[in-house]
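*Asks:* One structure follows; several queries about it will come next.
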């Protein structure tokens, strides 16, 4: 069976890469700004969302929204990282907004995005603020040495890469810190854990 580090840490020691991410996550991860959660990339798909969070998008209080002036792109390093950036005032990007995630679910999202994304506030077209994970170009450059910016489409990604992304997400979520460790670190409370056996790690 391949070592998980061989897949997720090709440029680092596979025996220490995951340990480093655990330590960094526990010491400095930002899981919430206290705002509704905005999804524009892979987590906009319900299969990926359920793999990461533990319930389908349809079970949440979700709505379609737009953010003015923004478009999607990909930070390409061999592995692609979907992102958003301001384009022009004529552009409006459709996204999914979810209003009722608890601290456990936001922690799972933060781990999924870790370490190549930064949590930031984004303005919606109707004036409401939301929070979204956006690629951290400095962290990506440090981790991969170089990258290029390329076009990215949610529809094209879903058509060609959804199954692979779901499988990768499932494997990556198995590498996260244990619930006990995350509870002791104050990320969420035991009451916020889903009542599914697979999540009681």
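The values are calculated or read from the model by the stated rules, or taken from the named source; none is laboratory data. Given the structure is predicted, the values throughout are model-derived calculations rather than measurements. Note that we place each Cβ from the backbone using ideal geometry, even for glycine, and neighbour counts take in every protein chain shown.
*Asks:* Does region 80-99 hold any residues that are assigned to a strand (DSSP E or B) and under 17 Å from the mean Cα position of the chain (by Cα), and which are they?
*Replies:* Correct list: 80, 81, 82, 83, 84, 85, 95, 96, 97, 98.
*Asks:* While we're looking at this one, here's another question. Report the residue count in region 179-194 for those that are at negative phi, part of a loop (DSSP other than H, G, I, E, B) and surrounded by fewer than 11 Cβ atoms within 10 Å (Cβ to Cβ).
*Replies:* 0
*Asks:* Next question, about the same structure. Return the residue satisfying two criteria in turn: it lies in region 102-121 and is surrounded by 19 or more Cβ atoms within 10 Å (Cβ to Cβ) and more than 18 Å from residue 19 (Cα to Cα), and of such residues it is nearest to the chain's Cα centre (by Cα).
*Replies:* Once the filter is applied, the top-ranked residue is 109.
*Asks:* A follow-up question, please. Could you list all residues from region 158-178 that are more than 20 Å from residue 20 (Cβ to Cβ) and either surrounded by fewer than 13 Cβ atoms within 10 Å (Cβ to Cβ) or in contact with a helix residue (DSSP H, G or I) (Cβ under 7 Å, 6 or more places away or on another chain) (or both)?
*Replies:* Result: 159, 160, 162, 163, 164, 165, 166, 167, 169, 170.
*Asks:* To continue, here is another question. Exactly one condition in (1) within 27 Å of residue 167 (Cβ to Cβ); (2) buried (at least 17 other Cβ atoms within 10 Å of the Cβ); (3) at pLDDT 95 or above; (4) over 10 Å from the mean Cα position of the chain (by Cα) is not met by residue 77; state its number.
*Replies:* Only one criterion in (1) within 27 Å of residue 167 (Cβ to Cβ); (2) buried (at least 17 other Cβ atoms within 10 Å of the Cβ); (3) at pLDDT 95 or above; (4) over 10 Å from the mean Cα position of the chain (by Cα) is unmet by residue 77, namely (3).
*Asks:* So, one more: Pick out the one residue from 49, 133 that is closer than 27 Å to residue 21 by Cα and in a strand (DSSP E or B).
*Replies:* 133
*Asks:* Now, a different point. Looking for something touching a residue at least 60 places away in the same chain (Cβ under 8 Å), over 18 Å from residue 136 (Cβ atoms) and in contact with a strand residue (DSSP E or B) (Cβ under 8 Å, 6 or more places away or on another chain) - is there at least one such residue anywhere in region 48-66?
*Replies:* Scanning region 48-66, I find at least one residue that is touching a residue at least 60 places away in the same chain (Cβ under 8 Å), over 18 Å from residue 136 (Cβ atoms) and in contact with a strand residue (DSSP E or B) (Cβ under 8 Å, 6 or more places away or on another chain), so the answer is yes.
*Asks:* Could you check, for region 150-162, whether at least one of its residues is in contact with a strand residue (DSSP E or B) (Cβ under 9 Å, 6 or more places away or on another chain) and in a strand (DSSP E or B)?
*Replies:* yes
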